[in-house]
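Just below is one structure, and these are the notes that go with it.
Just so it is clear, none of the values below were taken in a lab; they were calculated from the coordinates. In this text the structure is predicted, and so the values were computed from the model without any measurement. Positions of Cβ are generated from backbone atoms using ideal geometry, with glycine treated the same way; all protein chains shown enter the neighbour counts.
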Number of protein chains: 2
Amino acid sequence: MNDSHSFIAPVPLEKAYRLINHGPTVLVSARHDGVENVMAAAWACGLDFMPPKVTVVIDKIARTRDLLERSGTFVLQVPTVAQREMTYELGTLSLHNEPEKLKLAGAELFRMEGVEAPLVAGCSAWLACELIPEPHNQQQYDLFIGQVTAAWADTRVFHDGRWHFETAPPELRSLHHVAGGHFYAIGEAFARPGSEI
Amino acid sequence: MNDSHSFIAPVPLEKAYRLINHGPTVLVSARHDGVENVMAAAWACGLDFMPPKVTVVIDKIARTRDLLERSGTFVLQVPTVAQREMTYELGTLSLHNEPEKLKLAGAELFRMEGVEAPLVAGCSAWLACELIPEPHNQQQYDLFIGQVTAAWADTRVFHDGRWHFETAPPELRSLHHVAGGHFYAIGEAFARPGSEI
């Protein structure tokens, strides 16, 4: 088990949208019938505040898509700068032709009670989602909509309802994919003078 | 006219997805029947590579939504760190009760030939989009899908098909909204050793 586990705390549902509001690349995980998989997705986005909803684009070639559609649940998680090579591998290797994908990528999974999909250890935030079936969107656009049913974050970098990248260890910063495994980390914070969030 | 205009160059359509792949907060602009407006949106996302498509979530209360639906076109643009106060104002003020919204926010608009919606000066990238009507998504989820028909970027920060935040003036970095006008700028670059994109 990863040492970072001791920092995991629930995030209230009304603040869950903030976990991906700044546009990080995410990992999508799902499990069905004993098979579990994780993939990287740059195209994940908030859709609603409360109840929180998200969108994520998943290509038809992805094995994770099949698991997600069959189980009706998935987890979005926010990988860190320390996990950038793992994130690249999870977005490149395919379970179709590489049964040891998760092991090769160095992805360690864990469970949360009441959540069918596995969670990836060492991430900074997790959003457990139930699929809202929209067959036209899924078939036409590879677009999936999920309602967030529970969320957690690493309290070293997300606490009091918001990210604190500016004071957390730099290796916990989120990744923002450019292309081909090139990422930017999230950077400097700008607050409005006198404002509180 | 803004001095930054001299740096604007077209971006090939097959690279246009990269303009928002890293998850920046965007400005959405539209024009219909002589009325033009601009709003901020944290929930914009890539949807397809080629032809490039995007999603953007626009609340029913937004005046820009009405202009977008009636004209069938809009522009997504990527505001900069230098524009963070303007971005906050464009996301807070409403044209419904503030006719001088654009002036108050300090937004200067310009035109590109063949594009109905106005573009916001001083941004780092622009994606001209045609609405792909999806009434169910629009009504149920406030979710709009656009096909990118043309794209431009400021060559000081996007050239050779990708962002170069790491070598550009820091005030040209993209904004990633947290909540309440608190933003992060995009940060440090991480390339895979030996890889080219």
Averaged across the residues of B:185-195, what count of C-beta atoms belonging to other chains lies within 10 Å of each residue's C-beta? 6
Looking at the stretch B:44-100, which GluC sites (Glu not before Pro) are in a loop (DSSP not H, G, I, E or B) and have at most 12 other Cβ atoms within 10 Å? B:Glu100
At B:Glu100, with labels set 7 Å past Cα in the Cβ direction, how many nm apart are the copies from this one, shortest first? 6.9
With +1 at each Lys and Arg Cβ and -1 at each Asp and Glu Cβ, the charge dipole magnitude of the protein assembly as shown around its Cα centre, to the nearest 20 debye, comes out at 60 debye
Tell me, which longest segment in chain A has none of the trypsin sites (Lys or Arg not before Pro) that fall in DSSP loops with at most 12 further Cβ atoms within 10 Å? A:112-197
Using the 7 Å Cα-to-Cβ label point, sort the distances from A:Thr167 to its equivalents in the other copies shortest first and give them in nm to one decimal. 3.6
With the cut-off at 1.5 for a/c, could you classify the stretch A:1-52 from its C-alpha gyration tensor as rounded, prolate or oblate? oblate
Evaluate the relative contact order of the stretch A:1-104 (contact order divided by residue number), counting alpha-carbon pairs under 8 angstrom at least 6 apart; express in whole percent. 28 percent
Among GluC sites (Glu not before Pro) in the stretch A:129-197, those in a DSSP loop whose Cβ has at most 12 other Cβ atoms within 10 Å are A:Glu196
Around B:Leu13, with a cut-off of 14 angstrom between Cβ atoms, what is the net charge of the other residues, counting Lys and Arg +1 and Asp and Glu -1? 0
Let me spell out the model: positive unit charges on the Cβ of Lys and Arg, negative unit charges on the Cβ of Asp and Glu, origin at the Cα centre of chain B. What dipole size does that give, in debye rounded to 20? 180 debye
How high is the relative contact order of the stretch A:61-197? Use alpha-carbon pairs under 8 Å, at least six apart in sequence, and give a whole percent. 25 percent
The stretch A:80-148: relative contact order from alpha carbon pairs under 8 Å, six or more residues apart, as a whole percent, is 22 percent
Sequence of A:Thr167, A:Thr80, A:Thr73 once ranked by neighbouring C-beta atoms within 10 Å, starting from the fewest: A:Thr167, A:Thr73, A:Thr80
Checked the protein assembly as shown against the a/c 1.5 cut and the a/b vs b/c comparison, axes a ≥ b ≥ c from its Cα gyration tensor; verdict prolate
Around A:Ala150, under 12 Å between beta carbons, what's the net of Lys plus Arg minus Asp minus Glu among the other residues? -3
Counting helices only, and only those DSSP H runs with n ≥ 4, report the 222 nm mean residue ellipticity of chain A as the sum of -39,500 (n - 2.57) divided by its residues, in deg cm²/dmol to the nearest 500. -4000 deg cm²/dmol
Charge sum, other residues only, whose C-beta stays under 13 Å from B:Leu104's C-beta, Lys/Arg counted +1 and Asp/Glu -1: -3
GNM top mover of B:Pro170, B:Pro99, B:Pro24 - chain B, alpha-carbon springs below 10 Å: B:Pro99
What ³J(HN,Hα) values, in whole Hz, does the Karplus curve 6.51 cos²θ - 1.76 cosθ + 1.60 give for the stretch A:19-36 when θ = phi - 60°, with x put for Gly and Pro? 5, 10, 4, 8, x, x, 5, 10, 10, 10, 10, 7, 9, 8, 6, x, 9, 10
Residues meeting the amide H criterion for B:Trp43 (H placed from the backbone, H to H distance under 5 Å, 5 or more places apart or on another chain) are B:Val57
With charges set only on the Cβ (+1 for Lys and Arg, -1 for Asp and Glu), what does the dipole of the stretch B:82-121 come to about its Cα centre, in debye to the nearest 20? 60 debye
Is the shape of the stretch B:10-90 best called rounded, prolate or oblate, per the rule: a/c under 1.5 gives rounded, else a/b larger than b/c gives prolate, else oblate, with a ≥ b ≥ c the square roots of the Cα gyration tensor eigenvalues? oblate
